[in-house]
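Notes follow once the structure below has been shown.
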Amino acid sequence: MKQLKILFFTASLLTIHTLSAQDDLGSSLSADITKRIIPGLNLSLEEDFRLRDNLSEVDRFSTTLELSYKPWKFLKLGGAYNLINYNHETKGWEVRHRYYFFATGSYRINRFTVSLRERFQSTYRVGVKETSKRANPKLYLRSRLEVEYDIRNCKFEPFASVELYNTLNDPQGNKMNKLKYTAGSKYRLNKRNSLQLYYRYVNFKDDDEGNGKHMIGLGYSYKF
């Protein structure tokens, strides 16, 4: 087990070192706390801080408040509000209000868990006018397919996912305009505390997600 931990963190450091040579490397540091209100109903608060431009420029600060409910073991429903302070590459700091609703279905096959999440998202940019070429708020349907693997007698839980972004109100025509690939691992410190380290690649960036094609993310979670 000790050797596996050393291998995991060594590989993580090598990945970060290799990607640091990229001009479009970004990072995300996040922390969230989750409170169970009643069985199946959870309230969570997350803070996220991101860098871009090879980790040389602040990209955003954001706060998310999410409520989720699991009516059955295989289904999770929820919604959230996300307040974003975004550092636009040419216009400076701007405030964005985002809300979303989602449904996630999951199915376990031996030690693998496959899940599909559909998420409706609306993002309003304060002070930005809607034009014939630009919608405000911008609406998306985000579809994510994820696979997790439960290693026997191990605190590591590797995962990989692909996410498709489909515009819903693009004045120039709705389409899938973004793909997001993520691979990483969760690590359970104990029943309440866990860490998550991942690498993410996005094939396209725009005014709404301008933090680079490559990203290294580190997250901390606490449940009570």
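The values are calculated or read from the model by the stated rules, or taken from the named source; none is laboratory data. Remember, predicted model here, so these are calculated numbers, not experimental data. FYI the Cβ positions are ideal-geometry reconstructions off the backbone, even for glycines, and counts take in every protein chain you see. Note: accessible area is taken over every heavy atom of the protein model, side chains too, but ligands, DNA and RNA are not part of it. Shrake-Rupley method; radii C 1.70, N 1.55, O 1.52, S 1.80 Å.
Values as computed for the structure displayed
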{"read-out": "Odd one out for residue 49, checked against (1) surrounded by fewer than 18 Cβ atoms within 10 Å (Cβ to Cβ); (2) touching a Ser or Thr at 6+ places or on another chain (Cβ under 9 Å); (3) over 19 Å from residue 32 (Cα atoms)", "value": "(3)"}
{"read-out": "Pair list, Cβ < 7 Å and 6+ apart or interchain, from segment 169-183 residues that are in a loop (DSSP other than H, G, I, E, B) and of a type in the set (D, E, K, R) to residues that are modelled with pLDDT of 90 or more and open to solvent by less than 50 Å² (accessible area, probe 1.4 Å)", "value": "170/135; 175/167"}
{"read-out": "Unmet requirement for residue 147, which otherwise passes all of (1) open to solvent by 50 Å² or more (accessible area, probe 1.4 Å); (2) farther than 25 Å from residue 220 by Cβ; (3) modelled with pLDDT of 95 or more", "value": "(2)"}
{"read-out": "Residue count for segment 78-132, restricted to those that are open to solvent by 30 Å² or more (accessible area, probe 1.4 Å), outside any strand (DSSP E or B) and without any contact (Cβ under 8 Å) to a residue 40 or more places away in the chain", "value": "8"}
{"read-out": "Residues within segment 48-77 that are among the small types (Gly, Ala, Ser) and outside any strand (DSSP E or B), tallied", "value": "1"}
{"read-out": "Checking residue 152 against (1) open to solvent by 50 Å² or more (accessible area, probe 1.4 Å); (2) in a strand (DSSP E or B); (3) touching a residue at least 40 places away in the same chain (Cβ under 8 Å), the condition it does not meet", "value": "(2)"}
{"read-out": "Whichever residue in segment 21-46 is open to solvent by 40 Å² or more (accessible area, probe 1.4 Å) and of a type in the set (Asp, Glu) and, among such residues, is farthest from residue 217 (Cα to Cα)", "value": "23"}
{"read-out": "Meets criteria (among the small types (Gly, Ala, Ser) and free of Cβ contacts under 8 Å to residues at least 40 places away in the same chain) for residue 161", "value": "yes"}
{"read-out": "Output for segment 66-76, where each listed residue is open to solvent by less than 70 Å² (accessible area, probe 1.4 Å) and among the aliphatic types (A, V, I, L, M)", "value": "75"}
